[in-house]
Amino acid sequence: MFDVIRGVGAGLALTFAATSAQATTEACSALPGGFEFCPGTSAWAEAEVIPFTNGVAFDLPPYWLEVMEAPAEIAGAASLEAALDALSDLHAKQARNEGLDVPEILGREAFAVGELEAVTVTTRMELPEDDPMVFVTMIAGQGDRRLFVTLDDENEDAADVEQELRRIADMFVLRGE
């Protein structure tokens, strides 16, 4: 369900898993799109790293951080704002295809972090047989490179999830060429 948001069940890609699980410079984890996640000495340095077919997840309860290749609609968007619109359309389409309500949009934000420009959207999804979930999705970029990140936690506190994503946003850096 919502394969763009929760892609972990897609299975492991051995070549990506070997690259992702291997620490790069300064204990950074390689990410899709030419980025790295560099948590330094923060609590995120202790997160369990879970590679999957088109990305990598970091499990640090209560948070679940997922970084994956952006879907074509998002990767090909003319701007970050257009990418965010494409993401909202994609969420709505997937929800309708699965017989679910369209996710409620709780907020949108644009900001700069280091050399990256970023946009976020916070959504609340009603899931059958589960408590509602709050997700904050960030699309960040520099030039033609895009990073696609989703963060959620085990409760429904949107402000908490938004604040944590803003706090760790500067841990995403472009890999040196």
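The values are calculated or read from the model by the stated rules, or taken from the named source; none is laboratory data. Quick caveat, the model's predicted, so the values are computed rather than measured. With ideal geometry, Cβ positions are generated from the backbone for all residues, glycine too; neighbour counts draw on all protein chains shown.
So, of the residues in segment 104-118 that are out of contact with any Gly (no Cβ under 9 Å at 6 or more places or on another chain) and in contact (Cβ under 8 Å) with a residue 40 or more places away in the chain, which turns out to be farthest from ARG146 (Cα to Cα)? Even if it seems obvious, please write down each step before you answer.
Initial filter on segment 104-118 (out of contact with any Gly (no Cβ under 9 Å at 6 or more places or on another chain)): 104-115.
Filter once more, so that each one left must be in contact (Cβ under 8 Å) with a residue 40 or more places away in the chain: 106-107, 109, 111, 113-115.
Details: LEU106: 23, GLY107: 21, GLU109: 17, PHE111: 15, VAL113: 14, GLY114: 14, GLU115: 12 Å.
Looking at the filtered set, the residue picked out is LEU106.
Within segment 40-59, can you find the residues that are buried (at least 20 other Cβ atoms within 10 Å of the Cβ) and closer than 18 Å to VAL113 by Cβ?
The answer is PHE58, and nothing else.
Quick check on segment 135-144. Is at least one of its residues assigned to a loop (DSSP other than H, G, I, E, B) and on the phi > 0 side of the Ramachandran plot?
The first filter runs over segment 135-144 and keeps only residues assigned to a loop (DSSP other than H, G, I, E, B), leaving 143-144.
So of that shortlist, the ones also on the phi > 0 side of the Ramachandran plot come out as 143.
The answer is yes; a qualifying residue exists.
Look at ALA159 and say whether it is of a type in the set (A, V, I, L, M), surrounded by fewer than 14 Cβ atoms within 10 Å (Cβ to Cβ), free of Cβ contacts under 8 Å to residues at least 24 places away in the same chain and under 25 Å from GLU36 (Cβ atoms).
no
Go through (1) out of contact with any Phe, Trp or Tyr (no Cβ under 8 Å at 6 or more places or on another chain); (2) in contact (Cβ under 8 Å) with a residue 40 or more places away in the chain; (3) not hydrophobic (A, V, I, L, M, F, W, C) for THR122 and report which single condition fails.
(1)
From the list ALA169, ALA95, ALA82, pick out the single residue that is out of contact with any Leu (no Cβ under 7 Å at 6 or more places or on another chain), in a helix (DSSP H, G or I) and at pLDDT below 90.
Numbers: ALA169 fails: at pLDDT below 90; ALA82 fails: at pLDDT below 90.
From the options ALA169, ALA95, ALA82, the qualifying one is ALA95.
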